[in-house]
1. Only one of ARG103, ARG94, ARG75 is touching a Pro at 6+ places or on another chain (Cβ under 6 Å) and within 29 Å of GLY2 (Cα to Cα). Can you tell me which?
2. Please find, among ARG44, ARG75, the residue that is assigned to a loop (DSSP other than H, G, I, E, B) and within 14 Å of the chain's Cα centre (by Cα).
3. Got at least one residue in region 89-110 being over 18 Å from ALA72 (Cβ atoms) and either in contact with a helix residue (DSSP H, G or I) (Cβ under 6 Å, 6 or more places away or on another chain) or β-branched (Val, Ile, Thr) (or both)?
4. Which of the residues belonging to region 112-160 are β-branched (Val, Ile, Thr) and within 24 Å of GLY30 (Cα to Cα)?
5. Tell me which residues, restricted to region 2-37, are out of contact with any helix residue (DSSP H, G or I) (no Cβ under 7 Å at 6 or more places or on another chain), among the small types (Gly, Ala, Ser) and not in a loop (DSSP other than H, G, I, E, B).
6. Search region 57-72 for residues being in contact (Cβ under 8 Å) with a residue 12 or more places away in the chain and in a loop (DSSP other than H, G, I, E, B), and hand back the single one that is surrounded by the most Cβ atoms within 10 Å (Cβ to Cβ).
7. Sort through VAL157, VAL130 and tell me the only one that's of a type outside the set (S, T, N, Q), outside any helix (DSSP H, G or I) and out of contact with any Leu (no Cβ under 8 Å at 6 or more places or on another chain).
8. For region 137-151, which residues satisfy the criterion of being over 10 Å from GLY126 (Cβ atoms), touching a residue at least 40 places away in the same chain (Cβ under 8 Å) and among the aliphatic types (A, V, I, L, M)?
Amino acid sequence: MGVTIVPMTDSDVEGAAAAIASGPVFQRYGIDQTSAVELLRAARGTIAVAKDDGAVVGVAIYWIDGSVPVPAYLRILAVAEGQRGRGVGRALLRHVEADAYRRGPNLFLCCESTNVDAIRLYEREGYVEVGPMPSFIVEGLTEVLYRRTLGPIRGYVRPE
């Protein structure tokens, strides 16, 4: 796999939106190509894309400028249809973690409760369920809050 993770540029927006819109979980939230483009253009924080042979195959939207106790939050991680199961999501996740852990020891994310592939990835990568949040974003859908930590906030030494 020759995937590289880079900051999103204007020329990446359509491909990143396609990765989001291709995900069944995002479709349950009513996100299509047009609304995914709008979401990307309006997003605050950092947007990184995974590219393979120049094509966008995944995207992560996250912020690391929050205040304690949630200084880092992964808002969206999406891998394009046909690219899942190749390690793209894991590569994006590790990129986000490296960025987040330069700021503090915790990274939080929410995952829709029926998104079993994503839950499997997060739990394999050391994320622990904090708890469910029914109808948090959309009535009838349950988000589950997860956290991965390198230790307590007090005394945390940032990696070089």
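Throughout, read-outs are computed from the coordinates displayed, never taken from laboratory work. It should be emphasised that the depicted structure is a prediction, and the values quoted were computed from it without experimental measurement. Here the Cβ is made from the backbone with ideal geometry for all residues, glycine too, and neighbour counts use every protein chain on show.
1. Values: ARG94 fails: touching a Pro at 6+ places or on another chain (Cβ under 6 Å); ARG75 fails: touching a Pro at 6+ places or on another chain (Cβ under 6 Å).
After applying the criteria, what remains is ARG103.
2. Testing whether each residue is assigned to a loop (DSSP other than H, G, I, E, B) and within 14 Å of the chain's Cα centre (by Cα) leaves just ARG44.
3. No; the residues of region 89-110 include none that is over 18 Å from ALA72 (Cβ atoms) and either in contact with a helix residue (DSSP H, G or I) (Cβ under 6 Å, 6 or more places away or on another chain) or β-branched (Val, Ile, Thr) (or both).
4. Taking region 112-160 first, the residues β-branched (Val, Ile, Thr) are 114, 116, 119, 128, 130, 137-138, 142, 144, 149, 153, 157.
Matches in region 112-160: THR114, VAL116, ILE119, ILE137, VAL138, THR142, VAL144.
5. The answer is SER11, GLY15, ALA19, SER35.
6. At the first step, the residues of region 57-72 found to be in contact (Cβ under 8 Å) with a residue 12 or more places away in the chain are 57-65, 68-72.
Keeping just the survivors that are in a loop (DSSP other than H, G, I, E, B) gives 64-65, 68-72.
Working: ILE64: 18, ASP65: 11, VAL68: 9, PRO69: 10, VAL70: 14, PRO71: 18, ALA72: 24.
Ranking the qualifying residues of region 57-72, first place goes to ALA72.
7. Numbers: VAL130 fails: out of contact with any Leu (no Cβ under 8 Å at 6 or more places or on another chain).
One residue alone meets the criteria, VAL157.
8. ILE137, VAL138, LEU141
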